[in-house]
Each structure stands twice: as structure tokens, then as C-alpha cells.
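This report concerns only the one structure given below.
The values are calculated or read from the model by the stated rules, or taken from the named source; none is laboratory data. Everything numeric in this text was worked out from a predicted model, so none of it was measured. Here the Cβ positions follow ideal geometry from the backbone for every residue, glycine too, while neighbour counts run over all protein chains shown.
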Amino acid sequence: MAYTSWRGVVGCVKPTMRPGSIEELIRILPDGIGVLPLFLDIQEGTTDEFKRAVDPYVPMIEKLASKKVDLIHPEGAPPFMFLGYKGEEKLLKKWEDKYGIPMFTSGTNHIRALKALGVKRFVGATYFTGKINDLFAKYFEDAGFDVLAMEGVDVPFDQVGHLSSHEVYAHVKKAFLKHRKKAEAIYLLGSGWRVMEVIDTLEQDTGVPVIHPVPARCWEIQRRLSIHQPVKGYGRLLSEMIAD
């Protein structure tokens, strides 16, 4: 890889072809970390589409492996959570054994972040509605967590990025307050909503850490590449580079 990526290169497979989270990640990553992003094109955000989504990751992973990246991150919580906690674990091991490159998914990243923060019970928020949220909750329950709620915002999948951060703040805080006596953290599923600017505010107002996919992704990339460079403004996990 080019010398400009002197601290390592991560290959990311994005599930949707839309701007937002890739720019957010690159802005907060330390200098010297290279990012090679590839994109799938999930458009509907339905259960059926997510169930068909895992196989299309394979050629993308093969392409990144051929570039000899240091780390591969197949992003997108729903496609892998549909496999279940154990099913995802089995698939990741298969891919790592085949390509010889460490990998992590969004789900395994969020589990690692929650554990690093010492969280057992949390309130989750998503931009999905209906039974799919029960599946997300079960994934974490199978990983040993107590999911107090997994509350969705009713918004078209292709319009998630248009939600204001203040709307999301209000939704998440309302969900948290229902369980404030038990909740040890807030978890935001999905990289589609643009809410980085309110993470610190949410933490200050609720008194608990907030796990958001983009800062959690930055945190784990650093951990995997043996880098320790705290980034302020996006929650305690990243500002303190919590050890796990």
C-alpha cells in the first residue's frame, strides 16, 4: 500500500450506495490510516433484501483481500444479524481462515464496544419499524445483553439521511427515559442517520454512554491496528479510547 497509509489500511464494504458515514469515518480517523471503500446497493431495507445480502459481500471481500489490506470491515448490521449471533461468528471465522485477514462486522463491533464500556443493559434505537427490531434485539440477547427496548423511527429507508439530528435526539431520549433507572447505555443501530453532532449532547443529558456505529468503527479500527489516538466530540468510547 502507499506510504500515505503508513499506519495501516482498512477495506470497508458499505451495504448501501449513499454518502454520509464514509465521510464521517474518514474525517475522524487518525492520519496515516487508509480506507478502501466498496459499495453494495441495498435500496429497500426490507427483511427479504437483507436475507439476500450476505452473498454479494463475497466478491467485494475477495477484491479487498487481493489488495492486501490490513483489516476488512463488512459493514451493515441487518444482513449479518439475520444470521444470528452464532451464525455470524461462524461466517466471520470462515472468511478470516480463507483470506488470512482479520475482519469485523458492525454487529461484532457494537458488541465489543458495549463490553468495553461495561454495559449489560441498554436501550436501542433504529430507523426500522416492526418485527425486524425484535430480530436485532435477539442478536444482542444471544450475545449476553439485556435489551430494554429497540425502538424504531418510521422513516423511508432511502430518506434516513434527511432526518435532522434533533429529531433523532428527541426520539432516542424519549425511548431512554422510559428505562432510565435500568439502562446503562444507548445504542444507535445503523450508519444512515446523520447524528454525530448530538452524541456528546445525548451522553451529557442522559448520563450514559452512546454507542454510534461511526465512532465505534473508528475505535475498533484503531484497536485492530494498534493505534491509540482519542478523538473528542463523539462520545466517551472514542474520546477515551476505552480499552477492552
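Numerical summary
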{"item": "Any hit, the stretch 150-159, residues being at pLDDT 95 or above, surrounded by 20 or more Cβ atoms within 10 Å (Cβ to Cβ), touching a strand residue (DSSP E or B) at 6+ places or on another chain (Cβ under 9 Å) and aliphatic (A, V, I, L, M)", "result": "yes"}
{"item": "Condition check for Asp48: at pLDDT below 90, part of a helix (DSSP H, G or I) and loosely packed, with under 14 Cβ neighbours inside 10 Å", "result": "yes"}
{"item": "Selection within the stretch 43-78 - touching a residue at least 12 places away in the same chain (Cβ under 8 Å), among the acidic types (Asp, Glu) and farther than 20 Å from Thr108 by Cα", "result": "Glu44, Glu62"}
{"item": "Subset of the stretch 219-244 [free of Cβ contacts under 8 Å to residues at least 40 places away in the same chain and outside any helix (DSSP H, G or I)]", "result": "Ser226, His228, Pro230, Lys232, Gly233, Gly235, Glu240, Met241"}
{"item": "Within the stretch 182-196, considering residues that are among the charged types (D, E, K, R) and modelled with pLDDT of 95 or more, the one nearest to Gly107 (Cα to Cα)", "result": "Glu184"}
{"item": "Selection from the stretch 177-218 of residues that are among the aliphatic types (A, V, I, L, M), touching a residue at least 60 places away in the same chain (Cβ under 8 Å) and closer than 27 Å to Gln43 by Cα", "result": "Ile186, Leu188, Leu189, Met196, Ile211, Val214, Ala216"}
{"item": "Residue, farthest from Ile199 (Cα to Cα), within the stretch 110-152, restricted to residues that are of a type in the set (Phe, Trp, Tyr) and not in a strand (DSSP E or B)", "result": "Tyr139"}
{"item": "Filtered residues of the stretch 96-117 (kept if more than 20 Å from Pro209 (Cβ to Cβ) and surrounded by 21 or more Cβ atoms within 10 Å (Cβ to Cβ))", "result": "Met103, Thr105"}
